Amino acid sequence: MTPCHTRASVTYMNAYKFAIVAAFAASLFGGAAFAQDLAQTNTQPKTEQNQTLEGSAAENPQDQNAPSRSGAEDAVNAMIGGWEFSNADHNKVCRFTFRTEAAPGGRRVDVDKTCAGLFPSTKDISGWAVDNYGGLRLLDKQGEAVIELTEAESGMYDGFTPGEGRYILQSAAAAPMRSAEDMIGDWVIARGSGKAICTLTLANSPAGVDALALRLKAGCDPLVMRFNPNAWRMDQGELVLLSARGQSWQFEESEPNTWQRVPESADPILLVRQ
C-alpha cells in the first residue's frame, strides 16, 4: 500500500468513527429532548387543572364551609321559642324561652321562676349554645355549661345528672297539650305567695260559642269579682277564663296541676287544681 493509500484509509476510518460518535450523540440528545417533551406533555395538563381547581376554590371560599355553616344556623333557628323542661315522670314541669340575643358563651335563654324550685341546677342558667355534635349546652353567666343535653329526636332533648335524675326538654309544639277534658273540675285561684283568693269549677256544659261554663264559689277576692269570669276554653295549650264583658285571663301550665297567668307580673296569679 502506497503512502497515499495509507493516508486515505486513515482519513476514511477517522471519518467513519466521527460519524458513529455523532450519531450516538444525536441519539442521546434526541432521546433526552424527547423525554423532556414527554414529561412536559404529561405534567402541563395536570398543572393547568390544579390551577383551575385552586382558582375556583379561591373565587368561592365560602362554598367549602357553606354546608356546615348552614347546618349550624338551622340548629340554632330550630331552638328559638318556647320549650318545656321536665323530669322523666313529667310531674315536674317548667318552661324555657330560647332567644337570639347574645349571652356569655352563646345566646340568651329565659327560665321561668318556678324552675329553680323544681330543678335547683337551673337557677344559674342564663344562656344556651349548640355544640358541633348537635348537643345542647345550658350555660351560666360565665358561659360555663350547667346542663348538657343530647338530641333524642327532632324537637326533643334529654340529659341526666345524679342529683336530679333525667331531664327532658321538648319544644312547645312537641309537648303534649292539655285538652278540655283534662281541665274539668274544681280549681283554686291563688296569689304567688300561695294564698287562696277564690275557688271555682270548670264545668263541662256549653256556655256560648266555643266555651264551657265556669262557676265561682262564694267568698272570692274582689280582684276576681271585678273580673267576674263565667266561661272558659282551651286555646293552643293555654287555659283562658272569660268574662261576660269580653275580658280574658290566659294561663300557662307551669307544673302539673298548676297554671300561671301570663304575661307574668310582680304579683303572680296561679290556678291550682283541688
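The values are calculated or read from the model by the stated rules, or taken from the named source; none is laboratory data. Since the model is a prediction, treat every value here as computed from it, not as a measurement. Cβ: placed from backbone, ideal geometry, glycine included. Neighbour counts: every protein chain shown. Protein only, heavy atoms only, side chains kept; ligands, DNA and RNA dropped before computing areas. Shrake-Rupley method; radii C 1.70, N 1.55, O 1.52, S 1.80 Å.
Observations on the model:
- Given (1) of a type in the set (S, T, Y); (2) open to solvent by less than 60 Å² (accessible area, probe 1.4 Å); (3) within 17 Å of the chain's Cα centre (by Cα), index of the condition T122 fails: (3)
- The stretch 126-142, subset outside any strand (DSSP E or B) and under 17 Å from the mean Cα position of the chain (by Cα), residue nearest to E255 (Cα to Cα): S126
- All positions within the stretch 83-104 that are closer than 17 Å to K123 by Cβ and part of a loop (DSSP other than H, G, I, E, B): K92, P104
- Filtered residue count, the stretch 217-254, keeping only those that are open to solvent by 40 Å² or more (accessible area, probe 1.4 Å), in contact (Cβ under 8 Å) with a residue 24 or more places away in the chain and in a strand (DSSP E or B): 4
- Selection status of M225, within 25 Å of E264 (Cα to Cα), within 38 Å of the chain's Cα centre (by Cα) and of a type in the set (A, V, I, L, M): no
- The stretch 105-119 - residue that is out of contact with any Leu (no Cβ under 6 Å at 6 or more places or on another chain) and in a strand (DSSP E or B) and, of those, least open to solvent (accessible area, probe 1.4 Å): V109
- Scope the stretch 123-140; condition of a type outside the set (G, A, S) and modelled with pLDDT of 95 or more; matching residues: I125, W128, L136, R137, L138, L139, D140
- For M79: the one exception among (1) within 20 Å of S254 (Cβ to Cβ); (2) crowded, with 16+ Cβ neighbours inside 10 Å; (3) not acidic (D, E): (1)
- Screening the stretch 152-177 for residues that are in contact with a helix residue (DSSP H, G or I) (Cβ under 9 Å, 6 or more places away or on another chain) and open to solvent by 40 Å² or more (accessible area, probe 1.4 Å) and picking the one that is nearest to W83 (Cα to Cα) gives S154.
- Considering the conditions (1) part of a strand (DSSP E or B); (2) modelled with pLDDT of 95 or more, E151 is excluded by exactly one of them, (2).
- Taken across the stretch 178-185, residues that are open to solvent by less than 50 Å² (accessible area, probe 1.4 Å), of a type in the set (A, V, I, L, M) and under 21 Å from the mean Cα position of the chain (by Cα) do not occur at all.
- Subset of the stretch 125-141 [touching a Pro at 6+ places or on another chain (Cβ under 9 Å) and open to solvent by less than 10 Å² (accessible area, probe 1.4 Å)]: G127, L139
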